[in-house]
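The values are calculated or read from the model by the stated rules, or taken from the named source; none is laboratory data. Bear in mind that the values here come from a model prediction, so they are computed numbers and not experimental data. Positions of Cβ are generated from backbone atoms using ideal geometry, with glycine treated the same way; all protein chains shown enter the neighbour counts.
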Amino acid sequence: MSGTVANAETASDTGQRPVVIFLSYRRGDTQWAARGIYDRLVDRYGRENVFRDLDAIPPGAKFRKYVERKISESDVFLLLIGRAWASYQDDRGRRRLEQPRDPVRLEVEAALRLGLPIIPVRVEGAPMPTESDLVPSIVDILEFNAAEVSDSRWDYDVDRLLRAITESAVRGSAPPPPVPAPAEEAETEEPVGDQAAEEAEIEEPADHQAAEENETEESAGDQEADEVESPVIELSVPEAVTESRTVRHRVVAGAAAAVTGIVILLVYLLSSRPDEPAIVAHLPGDLRATCTAEDKSATCHLADRTVVFYRLFDTAAEAEADVVNGQPMAPAGDECPPAAPGADDGSGERSSVTVAVVCRYAAGTQKGLAMFGYTAKDTSRLYVSRWVADAEPLLRGEMSTEHAYPLDWTTLTTNWARLAASP
């Protein structure tokens, strides 16, 4: 389904404009789930109606002010909670939630203050935090019922989540209930009820008289019924045989029709196969067996448990724009992939850093466009890569690492080289 059609359907659900969603998560906790959910949200609601912090906050913007404005423009606040969401620590061993400038805490505080519908999403069976796990300013998130997503039943869980998002947006835009009538009017009507009760008592003797007359008529009717003899239908022997044969023929004909219907149904079920999602034909052949696919998005798994996200765009220009994402192109002749994009000093002083290199690549016999990036937020560091091959100009691939150590960069580029070279 194209973004335009999806947006129109969603707008008709709420009766106003498309639903706008803010996606909040910790990268070191639920990065893979956030990417998969983001792709499904974009497919359903449109990229312009889904906000997540990765590559979305422009350089130089003040984090708190920018995020609060985005939350105020949203209809639903989606909060991904993994097993380390509440216990996540910085480099000094301090819990992030206990720090007033923790970005996730600031996001949740803003959503609660603005009265936004909040949907906590427990990832891979993670429990909801307890009151003692939270700081007082965000303890009210425990009042919201949580959804759950897991890799083993991804499509089912995300479908339920999308329905919950739309329902929450509809409830948030619903008009207030009607105000009940003032108490004075109810007191004025009470004497009317007393008057009706008195009239019922006056008519009671007439009701008793009618009941006695009915009893008299019923006894007379019973007596007449006793005097009427029940008719007896007698069949001669030939007629009885004919009737028996007719019944047998009907039973046999009905059974034959039922068997025929069952055979036709089995033939249809055995011969018909469900249509594959459109994206499957575009995925690398040796990877398809590991993928869970929707119409235009797929989540695949490599042997080392790396998660790869694919998305099928309507045009090649859209796919390339998703890879470039406003970053400048590296000069022709530069290595692709490059050396590991520049990391900061790891001190954690800078709240958000993104470094990206966009380049043309040649991997085996395949050529295409790729982006290799380094992102730092809070104490989380990771590498990310997106690419689109010339041979599959509508298919964009993406994967990322959990950390940003030298071994992570080696793993990322090795996996990318294998996938980029796949026909």
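Observations on the structure shown:
- Look at (1) farther than 20 Å from V384 by Cβ; (2) of a type in the set (A, V, I, L, M); (3) within 20 Å of the chain's Cα centre (by Cα) and you find that A86 fails only one, number (3).
- Among the residues making up segment 55-98, those that are over 18 Å from V108 (Cβ atoms) and either buried (at least 21 other Cβ atoms within 10 Å of the Cβ) or among the small types (G, A, S) (or both) are G60, A61, G93.
- Within segment 313-323, the residues that satisfy the criterion of being surrounded by fewer than 16 Cβ atoms within 10 Å (Cβ to Cβ) and either among the hydrophobic types (A, V, I, L, M, F, W, C) or over 30 Å from the mean Cα position of the chain (by Cα) (or both) are A316, A317, A321.
- Condition check for I71: assigned to a helix (DSSP H, G or I) and under 24 Å from E148 (Cα atoms): yes
- Search result, residues across segment 299-318 that are part of a loop (DSSP other than H, G, I, E, B), within 20 Å of T30 (Cα to Cα) and touching a strand residue (DSSP E or B) at 6+ places or on another chain (Cβ under 9 Å): L302, T306
- When A343, A321 are checked against the criterion of being of a type outside the set (S, T, Y), closer than 26 Å to D43 by Cα and either at pLDDT below 85 or not in a loop (DSSP other than H, G, I, E, B) (or both), a single residue qualifies: A321.
- Residue check for V358: modelled with pLDDT of 90 or more, outside any helix (DSSP H, G or I) and not assigned by TED's automatic domain parsing to the domain that holds P58: yes
- Of everything in segment 280-298 that is part of a loop (DSSP other than H, G, I, E, B) and touching a strand residue (DSSP E or B) at 6+ places or on another chain (Cβ under 9 Å), the residue that is nearest to L312 (Cα to Cα) is K296.
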